[in-house]
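Structure first, then comments.
Coordinate-derived values only; no laboratory data. Bear in mind that the values here come from a model prediction, so they are computed numbers and not experimental data. Cβ: placed from backbone, ideal geometry, glycine included. Neighbour counts: every protein chain shown.
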Amino acid sequence: MLGILNYFSKNISKILKENFEGQTEEKMNTLEEIRIRSNGIIALKFMDKQEILRKRISYDDILQTIQIMCDNSIYSYQSEICNGYITIQGGHRVGISGNCVIENGQVINIKYISSINFRIAKQIIGCGNKALQYILKIPENSIYNTLIVSPPGVRKNYVIKRYC
């Protein structure tokens with residue numbers, strides 16, 4: 001999990017490292033999101049609570065972080081950025097918000113990126129085992145059409161883990 005700190009600017013990485021010092025691995029495993037706002041604060045969203053780090057983050061910190069995520073080639077990630085996120089190594093998704101440049105009804109760029117939201121990917125081994133009986137058509141060696149739907153932030157993964 002601490003490997004994602006390499007994707008942040010030096011300033012943000014330092015702030016996060018200071019905050020994570022002394023944390024138990026159990027607590028770190030409940031980290032779901034790191035929300036960062038330009039000229040704002042850092043919010044850490046855990047499964048059961050949210051922590052606010054009262055350190056001012058500059059626009060330059062956001063821009064440096066985006067450059068690091070894009071291997072200093074933001075242009076080569078333009079299509080992902082236009083979709084509103086970048087996927088980094090490990091399957092973590094980083095949501096991006098800012099001023100959209102729209103042409104012919106399509107987003108062609110996001111300028112003045114004002115916030116980023118790191119969503120921490122996690123593997124939960126065995127979480128779907130009980131649900132498989134409702135998804136797999138074993139006699140026919142196929143699957144039922146299946147869709148898990150809920151509003152954003154309802155923690156579908158957490159619900160699956162808890163009940164499966």
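Worth pointing out:
- Given 45/130; 17/111; 10/55, the pairs whose alpha carbons are separated by over 21 Å: 45/130; 17/111
- Of 81, 58, 44, farthest towards positive along the dipole that unit charges on Lys, Arg, Asp, Glu beta carbons give the chain: 44
- In this calculation the C-beta distance from residue 48 to residue 97 is compared with R0 = 22 Å, giving a FRET efficiency of 0.30.
- Exposed trypsin sites (Lys or Arg not before Pro) absent - longest run of the chain, DSSP non-H/G/I/E/B, at most 12 other C-beta within 10 Å: 50-129
- Taking the helices alone, the chain has a mean residue ellipticity at 222 nm of -6500 deg cm²/dmol, built from -39,500 (n - 2.57) per DSSP H run of at least 4 residues and averaged over all its residues.
- Applying both filters, DSSP loop and at most 10 other Cβ atoms within 10 Å, to the GluC sites (Glu not before Pro) of region 1-76 gives 21.
- At full extension, residue 104 and residue 17 could sit 27.0 nm farther apart than now, given 0.36 nm per residue minus the alpha carbon distance.
- Amide hydrogen proximity for residue 128: with H placed 1.01 Å from N in the peptide plane, no residue at 5 or more positions away or on another chain lies under 5 Å.
- Cα-based helix-to-principal-axis angle, 59-69 vs the chain, degrees rounded to 10: 50
- Remark: region 2-119 is approximated by an ellipsoid whose semi-axes, taken from the C-alpha gyration tensor as √(5λ), come to 26, 14, 13 Å, largest first.
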